[in-house]
Amino acid sequence: MDELEELLGGESGSWGAVRGEDVTSTTPPPAPNSPGHQHANNSIRAQIEIIPCKVCGDKSSGVHYGVITCEGCKGFFRRSQSSVVNYQCPRNKNCIVDRVNRNRCQYCRLQKCLRLGMSRDAVKFGRMSKKQREKVEDEVRYHRAAQQRAQQVEIPDTTGITSYGDGQQTPSSTDNLHLFPSAGYAGGGGVYSPGTYGIYEGHGGGQIQYQDISTDPCGVDSTTYYPDTMHTVDTSSIMGTTIPTDPAQITELLSKTIADAHARTCLYSVEHIHTMFRKPQDLSKVMYYKDMSHEQLWLECAQKLTTVIQQIIEFAKMVPGFMKLTQDDQIVLLKAGSFELAILRMSRYYELSQNCVLYTDTLLPQEAFYTNDPNEQKLVALAFEVARGVAELKLTETELALYSACVLLSPDRPGLKGLGEIARLGQACLRALRMELERNHTMPIKGDVTVCDALLNKIPTLRELSMLHMEALAKFKRSTPHLEFPALHKELFSVDS
């Protein structure tokens, strides 16, 4: 299977393989002698898989080392038990551990495994008491009910839209498109994503708290956690019986979902970036990049770009409706748009006062990326120009997320088949972007040009930039056929396609 197809697969097994994790399925343990017990345990095991992994929120595959986890976290915990393992946290020992971030800090991931009760000595799957079985069945019902609620939320169709026009059409009541086929239901202080993320602390307001349900000595409990009903938390948007039907409410919900997808897939927070901006520039590192050979510079940038694009693919998968498209259309959109989205993310790292971009841990000027090739010079200059232009608009993270979704869901990419679905999704994102911009940018930039106008006017320049990148890459590869680029980079930017 191709690298990009594996990334879009979305199942814990394929993601584990991409990340170098052991995803070999476990052989079911011997069943008790009683056929009744065997049937009951098999039934419980099948139901458990609807409950997300307790460690990272990915699709679970059963009870492993005493806790319901995915194959990736099962393999990670097994490897962590080696005597040579000595994980260190590079931050403050409070890293977020979820499906997107779980490989960033092995220390915090292991601590979460232990905190949840994972143990090498735990029986993998044993006899459950009636009380334990009822707990699991309650949680299964909880997740199924949440899935059903999430699947009822829809984006109203806007028929006849084939381009990014004024975006003000009145939604139709027919031919609706599901809003949350793969992403989840956002709102309140957290996000519930059925079968994917579970419930976790959100970015805006209340926190979901958990109560531990202790294990029963007669069998192995899954260290199941439930929302604690004893705490006063605002979960009405998650657990409420009413589903938004007003177009404005649906647009607001779409904004929150895409903003959350963006926040979860950015390598660094805005706060961290601004902290790095305030550090003095390390001139030795600037000279290091300036003195790099032509080949080294290309490979260095290709590796960094590939890392960013892996996060962009995760972002795309969480954009409502994207995973409902055919895989061929998903691949076309990512191949055509991933470099453009990488440039948009570059704008987050652009320090306007110094005209530098934060590259790893140091601010680099445009000149650090120059080579003697005029096409490459033009590529670098335009990339800095576009990143600076977007940074000057002072977009919020939500606005940048929605703009990225609009660029991703462009229905005019060559080779697309499901034009109607992609156009409807793109228009829904554009409506959400307009609403967000009208709320935060009330004054025009110049004359009657709004921030939204400026963003839409940048789309042709993004296309030009993408073409320049492909031309420069093709020329470089012809001159250096011996160099090996990352697999995902080769697939996305194939000079033969």
Exercise for review: Any of Lys112/Lys394; Lys335/Lys417; Lys335/Lys458; Lys256/Lys324; Lys93/Lys394 with alpha carbons more than 26 Å apart? Name them for me.
Suggested key: Lys112/Lys394; Lys93/Lys394
Practice item. Using packing as a proxy for protection, rank 308-317, 276-285 so that the peptide with the highest average count of other Cβ atoms within 10 Å comes first. Key: 308-317, 276-285
Check your understanding: So how far, in whole Å, is the C-alpha centre of region 356-428 from the one of region 300-335?
Key -> 14
Review point. When only the heavy atoms of the protein chains count and the probe is 1.4 Å, how do Glu376, Glu397, Glu491 rank by accessible area, highest first?
Key: Glu397, Glu491, Glu376
Exercise for review: With a/c under 1.5 counting as rounded, go ahead and sort region 364-449 into rounded, prolate or oblate using the C-alpha gyration tensor (a ≥ b ≥ c being the square roots of the eigenvalues; past the cut-off, prolate if a/b is larger than b/c, else oblate).
Suggested key: oblate
Practice item. Mind grabbing the accessible area of Met467 for me, 1.4 Å probe, Å², rounded to tens? Key: 110
Review point. Rounded, prolate or oblate: which fits region 233-383 when a ≥ b ≥ c are the square roots of the eigenvalues of the alpha-carbon gyration tensor, with rounded for a/c under 1.5 and prolate only if a/b beats b/c?
Key: prolate
Revision key, fill the gap. For 432-440, 405-413, 470-478, 366-374, ranked highest to lowest by mean beta-carbon neighbours within 10 Å, the order is 405-413, 432-440, 470-478, 366-374
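The values are calculated or read from the model by the stated rules, or taken from the named source; none is laboratory data. Computed from a predicted model, the values in this text were never measured in an experiment. Here the Cβ is made from the backbone with ideal geometry for all residues, glycine too, and neighbour counts use every protein chain on show. Accessible surface areas use protein heavy atoms only, side chains included; no ligands, DNA or RNA. Shrake-Rupley method; radii C 1.70, N 1.55, O 1.52, S 1.80 Å.
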